[in-house]
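The values are calculated or read from the model by the stated rules, or taken from the named source; none is laboratory data. Just so we're clear, the structure is a prediction, and the values are computed from it rather than from any experiment. Remember, those area values only see protein heavy atoms, side chains included, never the ligands or the DNA or RNA. Shrake-Rupley method; radii C 1.70, N 1.55, O 1.52, S 1.80 Å.
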Amino acid sequence: MTTFLSFFLLSSVALSLVLVSVTAESLEHDFLRHKKEKLTHFRVYWHDILDGKDPTSVSIMNPSKNYTGATGFGLTRMIDNPLTMAPELSSKMVGRAQGFYAAVSKEEVGLLMAMNFAILEGKYNGSTITVFGRNSVFDKVREMPVIGGSGLFRFARGYVQARTHVFDIKTGNAVVEYNCYVLHY
């Protein structure tokens, strides 16, 4: 009797999981079926401020003392960077880039970027896109994927192209132009 009861319980749980999965897929399909996918392009300027009394980028992990290379391998910074409409920090702020970046290459200055662009103005106020990818900072144009989003950017996918506008070698501060191409419903 115990074997039958175990079989019955396992079968019931398995059937429940299948039904939940099919129902969730069906709900998602119904949601997407009535929506038209669109491409949105916007440009923002990302301000990485390392110095001064109110930095927006702080070191949370330094390279190992055993590492002697010039790429900063292991350095990790947490960010809450302003996103503005123009390269000047005084221009209109439309969002914040929140997340982290880490030096992941021993051969070149290459970063792993993991950040949300939280939009705080206009039609997309309250929405986010998530950027996650490799950034070879000395390349003229760097491309990273958009892997998701929220709010009006729900089910987002796409890419961003980053171009350094200004980099101050003394302070480490940078302004980077981000052109964002986002497919969403």
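Given segment 37-184, what whole percent of its Cα pairs are spread farther than 22 Å? Result: 37 percent of Cα pairs exceed 22 Å.
Near the amide H of SER136, within less than 5 Å, lie the amide hydrogens of LEU111, all on another chain or at least 5 residues away, with H placed in the peptide plane. On a per residue basis, segment 37-184 carries 54 Å² of accessible surface, using protein heavy atoms and a 1.4 Å probe. Among LYS92/LYS123; LYS65/LYS170; LYS38/LYS92; LYS92/LYS170, which pairs are too far apart, with a Cα-Cα distance over 19 Å? The answer is LYS65/LYS170; LYS38/LYS92; LYS92/LYS170. Within the straight-line cut-off of under 16 Å between alpha carbons, the aspartates and glutamates reachable from LYS36 are GLU28, sequence neighbours fewer than 8 places apart in one chain being disregarded. Distant-in-sequence amide contacts of MET61, defined by a placed amide H-H separation under 5 Å and a gap of 5 or more residues or a different chain, comprise THR76.
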